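Data first, discussion second: the structure below is written as structure tokens.
The values are calculated or read from the model by the stated rules, or taken from the named source; none is laboratory data. No experiment lies behind these values; they were computed from the predicted model shown. Glycine also receives a Cβ, built like all others from the backbone with ideal geometry; neighbour counts cover every protein chain displayed.
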């Protein structure tokens, strides 16, 4: 099965479509390509116009909902990569993923939240989605977003690509 089909299957399993616009919340580029590396900006768990999960993990949000937020953030990053590259099959490696979790004081399961994003990336990208570096961090800020993820995948060269840095094969 292609990675693009695996992406559609993952979207279906989550009960969301990532076909529409991936809205950003500020003055930045959602994707920047530098050589064979693509940087993807941080993502929030927004589908369409709706931020699906809001609040702080351990207070307003259960672990399961925080994990859903992480999966949605990862899917948004993959959707941006798919649009930039034409196919997720062009990703060669995903060396680093950052997951930021808005957490209540005393919440210590940031790593379990990040695991949800990691597992989704492997489910869609196979072994190329297994990353060597992952950072999960806590924030107690009062913003409404629940989780954010970023990554940096390596890409396969184009034959005719919570930040992600893929590398493209040439």
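Worth a mention:
For (1) part of a strand (DSSP E or B); (2) buried (at least 19 other Cβ atoms within 10 Å of the Cβ); (3) out of contact with any strand residue (DSSP E or B) (no Cβ under 7 Å at 6 or more places or on another chain), each residue gets a yes or a no:
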site	(1), (2), (3)
25	no, no, yes
42	yes, yes, no
64	no, no, yes
68	no, yes, yes
105	no, no, yes
114	no, yes, no
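- Among the residues of region 82-95, those identified as modelled with pLDDT of 90 or more and out of contact with any helix residue (DSSP H, G or I) (no Cβ under 8 Å at 6 or more places or on another chain) are 83, 84, 85, 86, 90.
- Flag if residue 76 is surrounded by 20 or more Cβ atoms within 10 Å (Cβ to Cβ), out of contact with any helix residue (DSSP H, G or I) (no Cβ under 8 Å at 6 or more places or on another chain) and under 18 Å from residue 45 (Cβ atoms): yes
- Condition broken by residue 145, with the remaining ones in (1) under 15 Å from residue 41 (Cβ atoms); (2) modelled with pLDDT of 95 or more satisfied: (2)
- Restricting region 45-54 to residues that are in contact with a helix residue (DSSP H, G or I) (Cβ under 8 Å, 6 or more places away or on another chain) and in a loop (DSSP other than H, G, I, E, B), the residue that is surrounded by the fewest Cβ atoms within 10 Å (Cβ to Cβ) is 52.
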